[in-house]
Amino acid sequence: MKLIPDWRRVLSRAWSLRLIELAALADIILNLVPAVSDFLPWWLTLLLLGGAYVGRMLAQPSGEENAKTE
């Protein structure tokens, strides 16, 4: 198994991954610290996951545009 050659560039543009991580963090905080639920709304996790969907499916350019010819 090999990493893609431009993995650093891909990781720097992986907004869907960042939003999923933020959603998981928000969900953990909301469940472990009940006092925080006064400041963080319950729908924050859903909003972050929806943003991840948009970032992954709609805003990402197609692979054909970025394909390198060798």
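Under 9 Å between Cβ atoms, at least 6 apart or on separate chains: pull out the pairs that start in the stretch 18-45 with a residue that is within 21 Å of Arg56 (Cα to Cα) and end on any residue that is modelled with pLDDT of 90 or more and loosely packed, with under 15 Cβ neighbours inside 10 Å.
Leu19/Gly50; Ala23/Leu46; Ala23/Leu47; Thr45/Ala24
May I ask you to verify whether Ala26 is under 18 Å from the mean Cα position of the chain (by Cα), among the small types (Gly, Ala, Ser) and modelled with pLDDT of 85 or more?
yes
Counting only residues that are of a type outside the set (Asp, Glu) and not in a helix (DSSP H, G or I), how many does the stretch 1-60 have?
15
Please list, ordered by first then second residue, the pairs with beta carbon atoms under 7 Å, 6 or more apart or interchain, first in the stretch 1-12 and closer than 18 Å to Gly55 by Cβ, second outside any helix (DSSP H, G or I).
These pairs meet every condition: Val10/Ile4.
The values are calculated or read from the model by the stated rules, or taken from the named source; none is laboratory data. If you're wondering where the values come from, they're calculated on a predicted model, not measured in any experiment. When we count neighbours, we look across all protein chains shown, and the Cβ atoms used for this are built from the backbone with ideal geometry, even at glycine.
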